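Below is one structure, written out as structure tokens; the observations come after it.
The values are calculated or read from the model by the stated rules, or taken from the named source; none is laboratory data. If you're wondering where the values come from, they're calculated on a predicted model, not measured in any experiment. Note: ideal-geometry Cβ built from the backbone for every residue, glycine included; neighbour counts use all protein chains shown.
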Amino acid sequence: MNYRNRQGWSLRLGLPLLALLAACAAPEQPQLHPTGGIRITGMWGTPGIAGRVSAAYGTITNHGTEPDSLVAISSPAAPLIEVHQMVEQDGMLRMRGMKLPVAIAPGDSLAMAPGGTHLMLMELHQSLKLGDSITLHLSFAHAGKQEVRFQIGNEQNRPQN
Ligand SMILES: [Cu+2]
């Protein structure tokens, strides 16, 4: 199974989902973007072909004392970005869009990793290659608009952003 296939809309997986998730556990990463209670860490994205899709991963943590929520996502790299969950259905792992806003309770995180929840950049304006950098704007109800810039990599060569 190659990496690009895992991004397909549906795909029969040989590995149990849990093993997949465990294999993809990200190392602890330093805080990058402190604003309000929201911190976005460890962001990286996957290569993609112009007009098609790319996935982005990382962790959004609410270190504040108030609930917050992700209300909008935009990027110069793609006109449409969705939060996708992976849902197992009849032995198939399928991507399912989550409606915004996505609430993040105090002390909670939205963790995004290969095989699990991810941001899906759709209809890419340009192809994204290893080593390229892209910018995302994540808007939160309380923490406001936050900009993250991160690199394109893969599971063997995961950028440390
Ligand atoms: Cu997706």
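See the values below:
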{"read-out": "Count - residues of region 51-77 that are in a strand (DSSP E or B) and within 12 Å of the ligand (Cβ to nearest atom)", "value": "4"}
{"read-out": "Candidate set: region 35-50, residues that are hydrophobic (A, V, I, L, M, F, W, C) and part of a loop (DSSP other than H, G, I, E, B); chosen: the one farthest from the ligand (Cβ to nearest atom)", "value": "A50"}
{"read-out": "Residue in region 16-33 that is modelled with pLDDT of 95 or more, of a type in the set (A, V, I, L, M, F, W, C) and either loosely packed, with under 13 Cβ neighbours inside 10 Å or within 15 Å of the ligand (Cβ to nearest atom) (or both) present", "value": "no"}
{"read-out": "Residue count for region 98-114, restricted to those that are away from the ligand (no atom under 15 Å from the Cβ) and β-branched (V, I, T)", "value": "1"}
{"read-out": "Qualifying positions in region 76-102 - without any contact (Cβ under 8 Å) to a residue 24 or more places away in the chain and hydrophobic (A, V, I, L, M, F, W, C)", "value": "V87, M98"}
{"read-out": "Members of region 79-97 found to be near the ligand (Cβ under 10 Å from one of its atoms) and loosely packed, with under 15 Cβ neighbours inside 10 Å, listed by number", "value": "Q85, R96, G97"}
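Yes/no matrix, rows are residues, columns are (1) at negative phi; (2) in contact with a Lys or Arg (Cβ under 9 Å, 6 or more places away or on another chain); (3) outside any loop (DSSP other than H, G, I, E, B); (4) at pLDDT 95 or above:
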site: G107; (1), (2), (3), (4): no, no, no, yes
site: A111; (1), (2), (3), (4): yes, no, yes, yes
site: G131; (1), (2), (3), (4): no, no, no, no
site: L136; (1), (2), (3), (4): yes, yes, yes, yes
site: N154; (1), (2), (3), (4): yes, no, no, no
site: R158; (1), (2), (3), (4): yes, no, no, no
site: N161; (1), (2), (3), (4): yes, yes, no, no
